[in-house]
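First the structure, in the form of structure tokens, and then the observations on it.
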There are 2 protein chains.
Amino acid sequence: MKYGFGIDLGGTTVKIAYFDETGEMLAKWEIPTVTENGGQRILPDIAASVLGYLAEQGIPRESILGLGIGVPGPVNSRGVVNKCINLGWGVFNIAEELGRLTGFPVKAGNDANVAALGEFWKGGGRGSENMVFVTLGTGVGGGIIVEGRLLHGAHGSGAEIGHLVLNRDETVPCNCGKRGCVEQYCSATGIVRLAKQYLASHDGPSVLRQAENLSCKDIFDGGKAGDGAALAILDRVYEYMGEFLGNVCSTVDPEVVVIGGGVSKAGQVLIDGIEPRFHKYVFHAAGGARFALASLGNDAGAYGAFKLALDDFG
Amino acid sequence: MKYGFGIDLGGTTVKIAYFDETGEMLAKWEIPTVTENGGQRILPDIAASVLGYLAEQGIPRESILGLGIGVPGPVNSRGVVNKCINLGWGVFNIAEELGRLTGFPVKAGNDANVAALGEFWKGGGRGSENMVFVTLGTGVGGGIIVEGRLLHGAHGSGAEIGHLVLNRDETVPCNCGKRGCVEQYCSATGIVRLAKQYLASHDGPSVLRQAENLSCKDIFDGGKAGDGAALAILDRVYEYMGEFLGNVCSTVDPEVVVIGGGVSKAGQVLIDGIEPRFHKYVFHAAGGARFALASLGNDAGAYGAFKLALDDFG
């Protein structure tokens, strides 16, 4: 039996997990992400933690097949990071660098893409060969699996489906600098924005008017309670989600669309809302895709990172 | 040296080409596609033509690595055809059937996808690893290459990018039954439709008003001659093309977008029109994609079909 590590590098903590080659997670822990001085301590800290664990547990180096790591920024299939703003990183080959520091083979991917691979392997997409993963959180991220392999993209930015254009007439800019992106309507932030616009432009009572700090959860709760304004807002949101996921599926044609992120906590009601709109917009032959909720939560990144390594070195 | 066949199965003719394993096309010919009786003669005719060629040339069976075939309908990566309306075909495994008839291993793909693989290997996408191919003809088709492999899709309908939704408010239906598809604005037919709408809703002189049977070429010629109406129409067309190709590239992140089909005969002016709009809509990190014109013409399908076989059996 061989073993390896899956590492999920975030802006504040690094999650490190130790796996056997069947994908059983045998241990996990976190270390802080030290972003000072251009993030130069990040990789040495990770290497020290990994090597320390092996020494402490008396695990021989020969039993380690390799390391996988998910990074919060664009990474191509050869491991070249193309700037991670919130880590202070520029352009370099993280696979080579972490490989040199640990002596193990390393495979890297973008964090959303790597989380997609985790959900594909052990979560909501289990058993499929082709999958689209979308995280509806503060922003909207994505990952695409084609015949069991992650689509990294030529510039390490495959599956940036939060930045498809949904509304070419939008006047408010997206965080990415463009206008009318999916993220402006389908993220938790975007849904609240749509709700505020709706409430400002409509009269009539709504439970949403009582919320002190209107949240995405308030809107889904309002919908579940039959509030008219909440239902009208969600109708608009589902329409947007159905349209953009229809376009993604007409392009990629997966068996399954897995939905994660904070918004997915709404549960089955979200899928029930999206599916009929999806079928209105998707090319008929690609309409066979089923919808599922993500199931690994915060561990998706570690699972996917280890799977990256397992696919190449296992 | 091994050899093989690339077969491009169309609604009226079957193009068959004989290749060596370096991709040199050594011979090509056509046979008619007999669609009577549910298209039941098509595969036996192909098998007879291939086996006849080998016998006639005295080529030993052992030197043949296999056959690839492009089919005008959805085909998944295992060779299951999911109906080809214009051939009269239902659901069956074409790779197994043609394999049985010839005794050679067979790999099948959708015709637009296979043409994409041909352009990737020997045409406009040569030297890249990740490519988006779009054919702007009577309709709009596409093909996607990810790390050198064709994206077939779970239901054999990967890269149906002619049926992304560009205009959710469209009232006229697309051939596919949906409304507002790319094909309704960016195909040769769609461009003429937009032009007629423009001319009907604007006064003022235009060379386009003199055309007896307005064609897409007339519009590009008008634009090259500086006709105001033609330029306004093309401006709208380029905007649509930039938006949808931006969305495709934000999803797939290729190195190159290759444009083929009748509309691409307009040449470099088409790329010059699309590129600035593309950069307005694509996610910045995926904006490094370059544009190129297809270069294999009608041979793209045969090249790609042989490459399918070469990748799996070579």
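A few remarks follow.
- Rounded tilt (10° steps) of B:188-201 against the dominant C-alpha axis of chain B: 10
- The alpha-carbon of B:LYS280 sits under 18 angstrom from the alpha-carbons of these aspartates and glutamates, leaving out residues fewer than 8 places away in its chain: A:GLU160, A:ASP169, A:GLU170, A:GLU183, B:ASP235, B:GLU239, B:GLU243, B:ASP253, B:GLU255, B:ASP272.
- Neighbouring partner chain Cβ atoms per residue of A:275-285, average, 10 Å criterion: 5
- FRET efficiency, B:ASP203 to A:LYS280 (Cβ-Cβ, R0 41 Å, nearest 0.05): 0.65
- Ordering of A:246-253, B:238-245, A:180-187 by packing [mean C-beta count within 10 Å, highest first]: A:246-253, A:180-187, B:238-245
- By average C-beta atoms within 10 angstrom, highest first, the peptides A:118-124, B:15-21: A:118-124, B:15-21
- Here the protein assembly as shown is treated with +1 on each Lys and Arg Cβ and -1 on each Asp and Glu Cβ, and its dipole about the Cα centre works out to around 380 debye.
- Each peptide in B:22-32, B:294-304 was scored by the mean count of other Cβ atoms within 10 Å over its residues; highest first, the order is B:294-304, B:22-32.
- Entries of A:LYS15/A:LYS122; A:LYS107/B:LYS2; B:LYS28/B:LYS307; A:LYS178/A:LYS265 with Cα pairs more than 23 Å apart: A:LYS107/B:LYS2; A:LYS178/A:LYS265
- Average Cα contact separation per residue, the stretch A:97-202, under 8 Å, 6 or more apart, as relative contact order %: 19
- By definition, a body whose alpha carbon gyration tensor gives a ≥ b ≥ c is oblate when a/c is 1.5 or more and a/b is not larger than b/c, and the protein assembly as shown fits this oblate description.
- For the stretch A:299-314, Karplus couplings with θ = phi - 60° (6.51, -1.76, 1.60), whole Hz, Gly/Pro x: 8, 4, x, 5, 4, x, 5, 5, 4, 4, 5, 4, 4, 8, 10, x
- Alpha carbon centroid spacing (whole Å) that separates the stretch A:108-187 from the stretch A:246-275: 11
- Note on the stretch A:156-279: with neighbouring protein chains present and a 1.4 Å probe, carbon and sulfur make up 50 percent of its accessible heavy-atom surface.
- Accessible area buried at the B-A interface, both sides summed, 1.4 Å probe (Å², nearest 100): 3600
- Rolling a 1.4 Å probe over the protein heavy atoms of the stretch A:1-58, with every protein chain left in place, gives an accessible area that is 48 percent carbon and sulfur.
- Average Cα contact separation per residue, the stretch A:163-314, under 8 Å, 6 or more apart, as relative contact order %: 19
- Relative to the dominant Cα principal axis of chain B, helix B:228-252 is inclined by about 50°.
- Exposure ranking of B:ASP203, B:ASP312 by accessible area [1.4 Å probe, largest first]: B:ASP203, B:ASP312
- Computed [θ] at 222 nm, deg cm²/dmol, the protein assembly as shown (DSSP H ≥ 4; -39,500 (n - 2.57); rounded to nearest 500): -12000 deg cm²/dmol
- If you sort the three axes of the alpha carbon gyration tensor as a ≥ b ≥ c, you get a/c of 1.5 or more for the stretch A:35-77 and a/b no higher than b/c, which makes it oblate.
- Overall form of the stretch B:162-314 per C-alpha gyration tensor (a/c, 1.5; a/b vs b/c): prolate
- A:ILE31 paired with A:ARG78, simple spin-label distance in nm, labels 7 Å along Cα-to-beta-carbon: 2.8
- Relative to the other identical copies, B:ASN175 shows label-point distances of 4.1 nm, where the label point lies 7 Å from Cα along the Cβ direction and values run shortest first.
- For A:ARG236, the point set 7 Å out from Cα toward Cβ sits 2.7 nm from its twins in the other copies, listed from shortest up.
- Mean separation of Cα pairs under 8 Å and 6 or more residues apart, divided by the residue count, gives chain B a relative contact order of 22 percent.
- Counting, for every residue in B:160-169, the Cβ atoms of other protein chains within 10 Å of its Cβ and taking the mean gives 6.
- Cα centroid separation, the stretch A:54-101 to the stretch A:9-26: 13 Å.
- In order through the stretch A:122-136: 3J(HN,Hα) via Karplus (6.51 cos²θ - 1.76 cosθ + 1.60), integer Hz, x for Gly, Pro: 10, x, x, x, 3, x, 8, 10, 10, 9, 10, 10, 10, 9, 9
- Angle between chain B longest axis and helix B:268-281 axis [Cα atoms, degrees, rounded to 10]: 80
- Cβ neighbours within 10 Å from other chains - mean over A:253-259: 3
The values are calculated or read from the model by the stated rules, or taken from the named source; none is laboratory data. Note that this is a predicted model, so its numbers are computed, not measured. Neighbour counts run over all protein chains shown; Cβ positions are idealised from the backbone, glycine included. Only protein heavy atoms, including side chains, enter the accessible area calculation; ligands, DNA and RNA are left aside. Shrake-Rupley method; radii C 1.70, N 1.55, O 1.52, S 1.80 Å.
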